[in-house]
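Report on the structure given below.
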Amino acid sequence: MRQARYVAPIAEFIGATRPQTIERLVRNLRGSALPDRWDSKGESGSWARSLPALADLLEAAGLQRSWIAVEYNPFQAGSGRADAVVMGIGSDGRLTYLVVELKQWQAAAWDAVHERVTGTGSRYEGTGGLRHPYRQARDYAWFVRNFTEGMHDEAGVRIEAAAYLHNANAGPISTLRTAGDEEGRGTFSGDGEGRNRFLQLLQKLFDASGDGRDAKDRLLEARYAQGPAVLEAAAQIFSDRSQYPLTDEQHGVFATIQNAVSDALNVTADRSHAVIVVKGGPGTGKTWIALHLLGANAHAGRQISYATNSSSLVQALKRSTNFRKTFGVGQANKLITSARTYWDKTRWVQPLDLLVVDEAHRLERYTVREVHNNRPEVQRHLEVNNITQLFELKKSARVLVLFIDEDQASTYRDFATIEHAREIANRTGASFEVLELQEQHRSGGSQTYEAWVDALLDGTPTAWQDEEAFTVQVANSPEDLEELVLGDPSARSARLMAGFCWKWLPWPKSPKAIAEIPHDIEINGWRKRWNLRNSIDNFPKDSAWAHNSNGADQVGSVFTAQGFEFDRCGVIIGPDLVWSDPVQRLTVQIEASHYKKLVQLCRQDPTEEVRIRNQYRVLLTRAMSSVVLYSTDPATQALLKRIVNPAQPAT
């Protein structure tokens, strides 16, 4: 059952919120003894005052046969919890859910410029204001819709949102209802006017005679169901960001960046330039936030671009977001760019308002102006004047945002670090800030899996036990790996990936069919091709491998997989990373790698072998629901067999 701190029929909830019973309910919600003055401060005090107010309305609506979940944590919402979810049968016969955000504010004002709520008197408001309570509820509703089994079908399931400010009269919160049509309809005060409007909504949504048990079971017994991948959602984000909401943690980062852009455009601001680093591991939502930033600022008419050194990600985003239709050809070409294109000084004369750099750890030290290498005199000029790629990007924008994960630096060119970003800010007179994302949304949202991968690759391996939303398997052979990953038709997307332990074999001249292309990878008679350098026979070239379904027939690498996510992944750990009994950890065997330039770098500086580990960290963290492992090294394969889902002792 998905975690909610309290679940009950509404008739029982009404009884639990009476003066003589509320203390017991609050104690159960808290999960521990109550402090002194529990009913007047903190979260306990909020429950003590808000839940009875909601119960009174539900009773007036006659919804005793419906159910309620209090403090419900939707899938993919991070640590965020909906205050309450009313569950029942709709007046139209559909299973119906109403997500309710409860606030004790007596007054509040809507700041339309910054899209924040102020004047609440809440200790959490600070200087940046608060999110609109209706939007909080709406976002939780969309998390339920997008990521919960059995909730995707709007024809069979209705999910709505509401904000109930039970201590407020209509007047002092009237501007909250001007934030938008939905906010106007879904925000309710606690006076007679607001209660009547809320009561009408409840009676319109729910059939009072219907038993809400089926609705409760559907939601609370549901498993995680993969919602839209970021590429699929990208186009919708640009037309209506509300349907694919950010978590509270992600929204905090988004709001900080938006405020920095507003400050940069304010001629009276102390500093009109900023460098903001957003630090986050795989699956923390960096690309998701970047798309929200693009959508919000492009629609606001600001000069903005998205840049990355991943050509695969650039092409995938251009294809999926349909920018030409939304913004026109000229703006579309400016929105999604390569980070290697900002060396032209004409860009520096009129800098962008905001430049968002995704996968910033993949930035190179110096931008190559020509095909493979700069001319000697050009390279000397860059080095003497310290004109790095990071410097070029900052000169091209008032606000530079770098989404970075230093633990994913995996190619010989990857250069940028947080410290490099700090140096550029100091050099250009920009303010500097580091924000951090910690919540995990890939790998079924499992932080346990993320820690398990870290221990496996760079520490003392620990045992893994499957979780509800994420599983790990060890294949017995490459053939078994392929069947486990690609043989299940329920996987909406699945890919095989491997370390750089096999050569990309040369192609024949002007091949006409896939059968003419050699198999690069051979393991005990099992043969596969690397992702293709050119498309052939409807099989995609490497830059389209991740988002073209026919890419599943080839094996991907860190170059084609980084920045993408798949339902299920198979990872082949090659002989470049093997288990060593003497040191009791995985060790890098650089001579087994066929990534020649990285081999050269590691021979010059053995500490750079960490990039081999980082390559596998990237590959192991691409899956949303399950990963299957296979190692070509017998000792490593035996280790994986021991630590993945070991048999539990009988009890």
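The values are calculated or read from the model by the stated rules, or taken from the named source; none is laboratory data. Values in this document were obtained by computation on a predicted structure and should not be read as measured data. Here the Cβ positions follow ideal geometry from the backbone for every residue, glycine too, while neighbour counts run over all protein chains shown. The accessibility values were calculated without ligands, DNA or RNA, using every heavy atom of the protein model including side chains. Shrake-Rupley method; radii C 1.70, N 1.55, O 1.52, S 1.80 Å.
Among the residues of region 619-651, the ones that are touching an Asp or Glu at 6+ places or on another chain (Cβ under 9 Å) and within 16 Å of Gln562 (Cα to Cα) come to 4 in all.
Within region 89-125, the residues that satisfy the criterion of being small (Gly, Ala, Ser), open to solvent by less than 50 Å² (accessible area, probe 1.4 Å) and either at pLDDT below 90 or in contact with an Asp or Glu (Cβ under 7 Å, 6 or more places away or on another chain) (or both) are Gly90, Ser122. For Lys103, the conditions (1) within 26 Å of the chain's Cα centre (by Cα); (2) charged (D, E, K, R); (3) over 20 Å from Gly212 (Cα atoms) all hold with the exception of (1). With respect to (1) at pLDDT 90 or above; (2) under 25 Å from the mean Cα position of the chain (by Cα), the lone exception for Val86 is condition (2).
Taken over region 145-159, the residue count meeting the criterion of being within 19 Å of Gly80 (Cα to Cα) and either part of a strand (DSSP E or B) or of a type in the set (Val, Ile, Thr) (or both) is 2. Exactly one residue out of Ala290, Ala264 is small (Gly, Ala, Ser) and more than 19 Å from Arg422 (Cα to Cα): that is Ala290. Mind listing whichever residues of region 383-413 are open to solvent by 10 Å² or more (accessible area, probe 1.4 Å), within 24 Å of Val618 (Cβ to Cβ) and in a loop (DSSP other than H, G, I, E, B)? Of everything in region 383-413, those that are open to solvent by 10 Å² or more (accessible area, probe 1.4 Å), within 24 Å of Val618 (Cβ to Cβ) and in a loop (DSSP other than H, G, I, E, B) turn out to be Thr388, Asp405, Ala409, Tyr412, Arg413. Elements of the type strands (runs of 3 or more DSSP E) sitting completely within region 45-144 and holding at least 2 residues that are charged (D, E, K, R) and touching a residue at least 12 places away in the same chain (Cβ under 8 Å): these cover 95-103.
Comparison of Asp553, Asp542, Asp537 shows that the only residue that is among the acidic types (Asp, Glu) and within 21 Å of Thr632 (Cβ to Cβ) is Asp553. In region 51-65 there is no residue that is under 29 Å from Thr175 (Cβ atoms) and at pLDDT below 90.
For region 470-493, filtered to residues that are under 16 Å from Ser625 (Cβ atoms) and assigned to a loop (DSSP other than H, G, I, E, B), the residue that is farthest from the chain's Cα centre (by Cα) is Gly487. Show me the strands (runs of 3 or more DSSP E) entirely contained within region 494-611 in which 1 or more residues are over 24 Å from Phe415 (Cα atoms) and at pLDDT below 95. Counting at least 1 such residues, we get 494-498, 566-573. Contact annotation: residue pairs with Cβ atoms under 9 Å, 6 or more positions apart or on different chains, pairing a residue in region 625-637 that is open to solvent by less than 30 Å² (accessible area, probe 1.4 Å) and outside any loop (DSSP other than H, G, I, E, B) with a partner that is small (Gly, Ala, Ser) and at pLDDT below 95, are Ser626/Gly444; Ser626/Ala491; Val627/Ser443. A single member of Ser272, Ser305 is surrounded by fewer than 20 Cβ atoms within 10 Å (Cβ to Cβ) and in contact with a Lys or Arg (Cβ under 7 Å, 6 or more places away or on another chain), and it is Ser272. Considering region 175-223, and only residues there that are over 34 Å from the mean Cα position of the chain (by Cα) and among the small types (Gly, Ala, Ser), the residue that is most open to solvent (accessible area, probe 1.4 Å) turns out to be Ser209. Considering only residues in region 638-651 that are part of a loop (DSSP other than H, G, I, E, B) and at pLDDT 90 or above, the one that is most open to solvent (accessible area, probe 1.4 Å) turns out to be Asn645.
Kindly evaluate Ala4 against the criterion of being crowded, with 19+ Cβ neighbours inside 10 Å and within 37 Å of the chain's Cα centre (by Cα). So Ala4 fits the description; yes.
Scanning region 258-304 for residues being assigned to a loop (DSSP other than H, G, I, E, B), without any contact (Cβ under 8 Å) to a residue 24 or more places away in the chain and within 19 Å of Ser396 (Cα to Cα) gives a total of 3.
With (1) modelled with pLDDT under 95; (2) open to solvent by less than 10 Å² (accessible area, probe 1.4 Å) as the list, and Arg617 as the residue in question, which single condition is left unmet? Going through (1) modelled with pLDDT under 95; (2) open to solvent by less than 10 Å² (accessible area, probe 1.4 Å) one by one, Arg617 breaks only (2). Does Val627 satisfy the criteria of being modelled with pLDDT of 95 or more and either closer than 14 Å to Cys501 by Cβ or among the basic types (Lys, Arg) (or both)? Against the criterion (modelled with pLDDT of 95 or more and either closer than 14 Å to Cys501 by Cβ or among the basic types (Lys, Arg) (or both)), Val627 does not qualify. Going residue by residue through region 148-169, is there one that turns out to be surrounded by fewer than 22 Cβ atoms within 10 Å (Cβ to Cβ), in contact (Cβ under 8 Å) with a residue 60 or more places away in the chain and of a type in the set (Phe, Trp, Tyr)? The answer is no, given that none of the residues of region 148-169 is surrounded by fewer than 22 Cβ atoms within 10 Å (Cβ to Cβ), in contact (Cβ under 8 Å) with a residue 60 or more places away in the chain and of a type in the set (Phe, Trp, Tyr). Scanning region 62-88 for residues that are open to solvent by 40 Å² or more (accessible area, probe 1.4 Å) and under 22 Å from Ser44 (Cβ atoms) yields Ser79, Arg81.
Only a single item in (1) touching a Leu at 6+ places or on another chain (Cβ under 7 Å); (2) open to solvent by 40 Å² or more (accessible area, probe 1.4 Å) is not met by Arg422, and it is number (1).
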